[in-house]
Amino acid sequence: MSKHCFLMVILLMFGLPAVLHAVEMGMVFEVYLPTKTVGKVLFSHAKHGPNCNECHPKIFKKKNPRRRPVSMTQMEKGRACGACHNGKRAFSVTGDCVTCHAGDILYKNEDDGNVTFPHAAHVDMFGCDECHPDLFVARRAANKATMEDMESGKSCGACHNGEGAFGVAEDCESCHQM
Ligand code: HEC
Ligand code: HEC
Ligand code: HEC
Ligand code: HEC
Ligand code: HEC
Ligand code: HEC
């Protein structure tokens, strides 16, 4: 058997798509789906296994420059991620918002103590649109504020004013890890 034929047999046995896709995967491990108001959503191929045809091309086209964004309401009806993230096959799009969207945000500050903004605790109380995009652009480190700004009601201070939530002027250690 010639070398050529041998390769053909291997390809037929394991499938050309599998071989090519394995090569491709190295380049597209992580893709981002942009949204207008709440930033980018990371989709990790590595965490979704090797069966490309579970998603391509029926649920997602690989390349789709004219792709229209899918809303969460459409996902709840089974579109896009919602085809599996329905509470049966995988955790549901009606909860666990921060698993797909933003996690904790760290503000580094050596002198005054780091601040961790916990998305999860806030998402339990507020919709995304209470903060995005008016109060904060949904992009890490895109919204600089001083404590003075906050005391006059900007940034965290929009709520942390001692009325709706503990105030920025009192309780430093509720936010800063000293
Ligand atoms: C669980 C669903 C799912 C599975 C399984 C899956 N993909 Fe994807 N893939 C996606 C999503 C979501 C996108 C982004 C689509 C978009 O941007 O509209 C994507 C995009 C891509 C892209 C384009 C990336 C880019 O940079 O534009 C390629 C190439 C791709 N996938 C290859 C594969 C291959 C090869 C496999 C199998 C090894 C695979 N995918 C398995 C969901 C999946
Ligand atoms: C399985 C992952 C996943 C979960 C869980 C999830 N989302 Fe999303 N969300 C996405 C993806 C992906 C997009 C972008 C879709 C697109 O552009 O096609 C998106 C888009 C959005 C958008 C912008 C589009 C719109 O509908 O206005 C908002 C707001 C949003 N998500 C809020 C939420 C909230 C609130 C929750 C929890 C109740 C949640 N998401 C849970 C993956 C998820
Ligand atoms: C073909 C089915 C399928 C589709 C479509 C799908 N997922 Fe998943 N996803 C799963 C399964 C199964 C798991 C693992 C089970 C679980 O965690 O509930 C998972 C797990 C995840 C996780 C947790 C990964 C971890 O850290 O362990 C995230 C985040 C996620 N998916 C995001 C998305 C987003 C965003 C989309 C849409 C762009 C999407 N998935 C589309 C099946 C799917
Ligand atoms: C109480 C206010 C608040 C709520 C509610 C909120 N966020 Fe955020 N979000 C923030 C803050 C603060 C940041 C950090 C901005 C910065 O670093 O400048 C942020 C950042 C982000 C980022 C960027 C993360 C990164 O790594 O770049 C995304 C994406 C995001 N939020 C999505 C969401 C989604 C989706 C929801 C609803 C499920 C939501 N947020 C609800 C305050 C909020
Ligand atoms: C939309 C209003 C709102 C905004 C904006 C907001 N918070 Fe909050 N936050 C709350 C409320 C309400 C609570 C719960 C009540 C309380 O603890 O006083 C809370 C609680 C917290 C907690 C305690 C969480 C826990 O697990 O107990 C921390 C830490 C915190 N916020 C930090 C921040 C930081 C840092 C920012 C700015 C980056 C911020 N918050 C912006 C409303 C907000
Ligand atoms: C609600 C949470 C919260 C509380 C309470 C809070 N801070 Fe902050 N603080 C932050 C965040 C978030 C940043 C980073 C803001 C940024 O980088 O955009 C910050 C930044 C700072 C900075 C650097 C910026 C500047 O204004 O010079 C100092 C100093 C500071 N905090 C001191 C304090 C002191 C002192 C207290 C108590 C009187 C306090 N903070 C209470 C959240 C808080």
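Here the Karplus relation 6.51 cos²θ - 1.76 cosθ + 1.60, evaluated at θ = phi - 60°, turns the backbone of the stretch 134-141 into coupling constants of 5, 7, 9, 5, 7, 8, 3, 6 Hz, with x for every Gly and Pro. Using R0 = 35 Å, the C-beta based FRET efficiency linking Lys154 and Asn51 works out to 0.15.
Computed from the C-beta positions of Glu110 and Asp134 and an R0 of 35 Å, the FRET efficiency is 0.70 to the nearest 0.05.
Reported to the nearest whole Å, the Cα centre-to-centre distance from the stretch 39-65 to the stretch 83-114 is 19.
Ignoring ligands, DNA and RNA, what percent of the accessible area of the stretch 39-178 is carbon or sulfur (1.4 Å)?
Values: 5440 of 10450 Å².
Using a 1.4 Å probe with all protein chains present, the stretch 39-178 comes out at 52 percent carbon and sulfur.
When only DSSP loop residues count, what chymotrypsin sites (Phe, Trp or Tyr not before Pro) in the stretch 105-151 have their Cβ near at most 13 other Cβ atoms within 10 Å? Intermediate values should be presented prior to the final figure.
On the way: sites: Tyr107, Phe126, Phe136; in loops: Phe126, Phe136.
The qualifying sites are Phe126.
Stretch Phe126-Met147 to full length: gain in nm at 0.36 nm per residue minus the Cα-Cα span? List each step's numbers first, then the result.
On the way: separation 21, 0.36 × 21 = 7.56 nm, distance 2.27 nm.
5.3 nm is the gain from fully extending Phe126 to Met147.
Suppose all protein chains stay in the model; what accessible area per residue would a 1.4 Å probe give for the stretch 94-178, in Å²? Write down the numbers at each step before the final one.
Details: 6060 Å² over 85 residues.
Normalised by residue count, the accessible surface of the stretch 94-178 is 71 Å².
The values are calculated or read from the model by the stated rules, or taken from the named source; none is laboratory data. Computed from a predicted model, the values in this text were never measured in an experiment. Using ideal geometry, Cβ is built from the backbone for each residue, glycine included, and neighbour counts are taken over all protein chains shown. Ligands, DNA and RNA are stripped out before the accessible areas are found, and what is left, the full protein with its side chains, is counted by its heavy atoms. Shrake-Rupley method; radii C 1.70, N 1.55, O 1.52, S 1.80 Å.
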